[in-house]
Each structure stands twice: as structure tokens, then as C-alpha cells.
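Encoded as C-alpha cells, here's the structure I'll be asking about.
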Amino acid sequence: MDLSPRDDRRPHVVAVVLALAAITIITVDATAGDDSPVDPLRSASGEVFGPVEDGLDEATRPIESAADHVTTVDGLRDDNARLQAENDRLRAELETAGIERARIDAVAEMIRYGDQRGIDLVTAQVIAMGPAQSFSRAVTIDAGTSDGVEPDMTVLNDEGLVGRVLRADLHTATVLLIVDASSVVGGRLGTDLELGMLRGDGELADAARLTLTTMDPNVRPMAGDIVVTWGSRGGAPYVAGVPIGRIESVETSPRDQSSSAQVVPYVDFSALDQVGVVVGASRAGDRTERAAPSEDR
């Protein structure tokens, strides 16, 4: 056989020889059992390649650790974001807890007042403030005819008289505030039960005032006296005895021998929130003062 370098069959011959050698070694190793002549070769290979494998493990371990570190950092970052969101939620709840407590206390006080006076209340929240029809001081509440609210019902809160219902829809109602310049409320002085009419000045908050004119021009109101509603027939638009405010000052007119008083309302109309609508009253609560003229609307 010609095995010269130019013979292109040489690679094929080498491959065949190596294959036969491998088959021979496998056969001998399989038939020899525990005393295989291949064991020294296997041991030598382990001694040669074992350190190489250990070296590769050592070389790749930092890479695997880096991958684990990246995964851990990502997980910690996600946990941190989740904890931060939870902290923000808890902080918001803590900061608004005072508002919720004030609302709960206001509703509880109105219910207590209604129970004492024998009147039925539907509590509601002020959801809008603005002009209504020809009135400049009005608010919208989230209770309507579906809750039993109708026009000309008394509206109050835990401080005193708020106003009366102008219009009621299915789920909302418009309330005219007593500080509106066109609002007129019948009032009664706390000391001598004298009657008078209160008109708003259109202002809100600390500047809001009501002007009280007594029915009897000879009556002189006193500073510090309280004023409550005198009541209307059937309790509409105002039930009797609801606190309105306190007299701040009194002005007299020598010419017509009359006097008028400036009344500071108990209600802070720029901070209205929870209110109650009187939807029913006992006979004692809605009794009309028949000796007094009926109120203007």
C-alpha cells in the first residue's frame, strides 16, 4: 500500500485504525472486569484532567456568583420599592386619620342631636360649592330624593344651622346657605324668646355675618345672646330650636327707634363637609309658633 504524502486515502486509513483501536480497548475493558488493563490509563487521565476541571470550576465560580449577585440586587430593589409604596400608603392613612375622625365625630354629634330633639336626619357630604339659580351661596350634597330629601327641608351640621334644600334630584340636592344675601331665617333670642328675622351678607368663613332685626322695635338685643330658629309650619323650611349664632354687636337707630344686631353664625361655611338633612320631626320638634308670623322664603 502506497502511503506517500500525496495519497489522499491516508486520512481515511488513520481514522479506521483509530476506530478499531477504540473498539478493541472498550472490548478489553468490558471483559476484564475489576482488573481491567485500562484502569491505569483511566487513573492517569483523571490525574491530568481533574486539575483542569477544578481550575475551570474556580474560573467560572466568580461569574456564577456575579450572576447570583445581580439577581439578588434586583430582588432587593423590588422589595425596597414595595416597602416604600407600603410606607407611603401608611403615612397617607396616618395623615388623613384626623380628617376621618373629625367626620365620624361630626356625624355622631348630629345623630345625637337628632335623637335628643326627636328629628330624623339623613347625613350627607358636601361635594360642591357654587352659585345656584339666582343665589350666590349654595352647596351640593350627595343625598337626594332616593334618600328622602325634598325641597324646603332644614340642613344643619354639628355646629348649627346650615340652610335649606332648594332643589333635590335623585342622588344630589342643592342647599341654600343662610349667609346668602337673599336668605331670610326666622330667629328667636335665647334670653327673652323675642322673635326676629335674620338676613345673610353673602360672605363666608370668618367674615360671614347675619343681620337680626327684631319683630318688636322696642326690643333691644344684647351682645353675647344666642339666636336659634323659631320654626316653620310643618318644620319646613326650618325646624325650631336649631342654633344659628351669637350676637356680636347691636346698632340702634334713634330716628325710627329700632335696633339691629350683627350675629356671628356658629357654622364655618367655608369648611362645610358633613351635614344632616331633617327628613322627619316629632310634634315637639316641628311645632309652629302660632303667635309669630310665618317666615319669608
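The values are calculated or read from the model by the stated rules, or taken from the named source; none is laboratory data. What you are looking at is a predicted structure, and each value in this text was computed from that prediction instead of being measured. Virtual Cβ from ideal backbone geometry, glycine too; neighbours counted across all protein chains shown.
Tell me, which residue of the stretch 166-224 that is in a loop (DSSP other than H, G, I, E, B) and acidic (Asp, Glu) is nearest to the chain's Cα centre (by Cα)?
Step by step, filter the stretch 166-224, then rank; the result is Asp169.
Which condition number in (1) touching a Lys or Arg at 6+ places or on another chain (Cβ under 6 Å); (2) surrounded by 20 or more Cβ atoms within 10 Å (Cβ to Cβ) is the one that Leu198 fails?
For Leu198, the exception is condition (1).
Here is a follow-up. What number goes with the only condition from (1) polar (S, T, N, Q); (2) over 26 Å from Thr213 (Cα atoms); (3) over 26 Å from the mean Cα position of the chain (by Cα) that Ser136 does not pass?
In the conditions (1) polar (S, T, N, Q); (2) over 26 Å from Thr213 (Cα atoms); (3) over 26 Å from the mean Cα position of the chain (by Cα), Ser136 misses (2) alone.
Same structure, new question: Here are Ala138, Ala128, Ala106, Ala181: which of them is surrounded by 18 or more Cβ atoms within 10 Å (Cβ to Cβ) and assigned by TED's automatic domain parsing to the domain that holds Val228?
Exactly one of Ala138, Ala128, Ala106, Ala181 is surrounded by 18 or more Cβ atoms within 10 Å (Cβ to Cβ) and assigned by TED's automatic domain parsing to the domain that holds Val228, namely Ala138.
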